[in-house]
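The structure appears below as structure tokens.
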Ligand code: HEC
């Protein structure tokens, strides 16, 4: 009798566990893209360029919130170009997935990267 109610609970618990892990994986891949390309303008110490900085959680949230829809919007902008941001950061060979991974990395707090 209790098994019936516990199975959906278990599924929810497993899903909740799996989602952040998948996001963390994306951020690990994104770090490599960031370090190869985006860092030129998005490094925290770069005061010459008005790009949102890696690890500046507040600025990224101000631009597009912190949810999946916001991530999609940021990815669209980064792929197509946005203001002084060149399409794909000037690297046409990057895939949309790589761009998104780099954004996931950049909008995390630095101590999680
Ligand atoms: C040549 C400098 C430069 C490079 C390289 C660069 N960016 Fe940017 N990026 C900018 C600037 C400047 C802005 C701010 C644009 C604005 O708000 O007008 C920006 C903004 C963004 C935004 C915010 C868009 C929004 O909707 O507010 C994202 C996302 C982004 N960049 C992702 C990336 C990624 C991912 C890479 C690496 C693949 C990258 N950028 C490489 C200069 C750069």
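The values are calculated or read from the model by the stated rules, or taken from the named source; none is laboratory data. Just so it is clear, the structure is predicted and the values come from calculations on it, not from any experiment. Cβ atoms come from the backbone with ideal geometry, glycine included; neighbour counts cover every protein chain shown.
Could you tell me how many of the residues in region 46-62 are farther than 21 Å from residue 28 by Cβ and in contact with a helix residue (DSSP H, G or I) (Cβ under 7 Å, 6 or more places away or on another chain)? Give the steps one after another, and end with the answer.
So the first thing to find is which residues in region 46-62 are farther than 21 Å from residue 28 by Cβ, and the list is 46-51, 58-59, 61-62.
Now restrict to residues that are in contact with a helix residue (DSSP H, G or I) (Cβ under 7 Å, 6 or more places away or on another chain): 49, 51.
Number of matching residues: 2.
Would it be correct to say that residue 100 is within 12 Å of the chain's Cα centre (by Cα), free of Cβ contacts under 8 Å to residues at least 24 places away in the same chain and near the ligand (Cβ under 9 Å from one of its atoms)? Before the answer, list the steps.
Numbers: within 12 Å of the chain's Cα centre (by Cα): yes; free of Cβ contacts under 8 Å to residues at least 24 places away in the same chain: no; near the ligand (Cβ under 9 Å from one of its atoms): yes.
Spelling it out, it is not the case that residue 100 is within 12 Å of the chain's Cα centre (by Cα), free of Cβ contacts under 8 Å to residues at least 24 places away in the same chain and near the ligand (Cβ under 9 Å from one of its atoms).
Take residue 21 and tell me if it is more than 6 Å from the ligand (Cβ to nearest atom), at pLDDT below 90 and under 16 Å from the mean Cα position of the chain (by Cα). I'd like the intermediate steps shown before the answer.
Values: more than 6 Å from the ligand (Cβ to nearest atom): yes; at pLDDT below 90: yes; under 16 Å from the mean Cα position of the chain (by Cα): yes.
Yes.
May I ask you to list the residues in region 77-104 that are in contact with a helix residue (DSSP H, G or I) (Cβ under 8 Å, 6 or more places away or on another chain) and within 15 Å of residue 40 (Cβ to Cβ)? Break it down into steps so the answer makes sense when it comes.
From region 77-104, those in contact with a helix residue (DSSP H, G or I) (Cβ under 8 Å, 6 or more places away or on another chain) are 78-81, 85, 87-91, 94, 96, 98-104; that's our starting set.
Across region 77-104, the qualifying residues are 78, 85, 87, 88, 89, 90, 91, 94, 99, 102.
Output the residues belonging to region 72-109 that are over 18 Å from residue 37 (Cβ atoms) and modelled with pLDDT of 95 or more.
Just the residues of region 72-109 that are over 18 Å from residue 37 (Cβ atoms), to begin with: 72-73, 109.
Matches in region 72-109: 72, 73.
Going by the structure shown, is residue 44 over 14 Å from residue 100 (Cβ atoms) and at pLDDT 90 or above?
Here the answer is yes, as residue 44 does meet what is asked.
Any chance you could count how many residues in region 46-78 are at negative phi and surrounded by 17 or more Cβ atoms within 10 Å (Cβ to Cβ)?
Residues of region 46-78 at negative phi: 46-54, 56-64, 66-78.
Narrowing the set further to residues that are surrounded by 17 or more Cβ atoms within 10 Å (Cβ to Cβ) leaves 51-54, 56, 60, 64, 71, 74-75, 77-78.
Residues flagged as at negative phi and surrounded by 17 or more Cβ atoms within 10 Å (Cβ to Cβ) within region 46-78 amount to 12.
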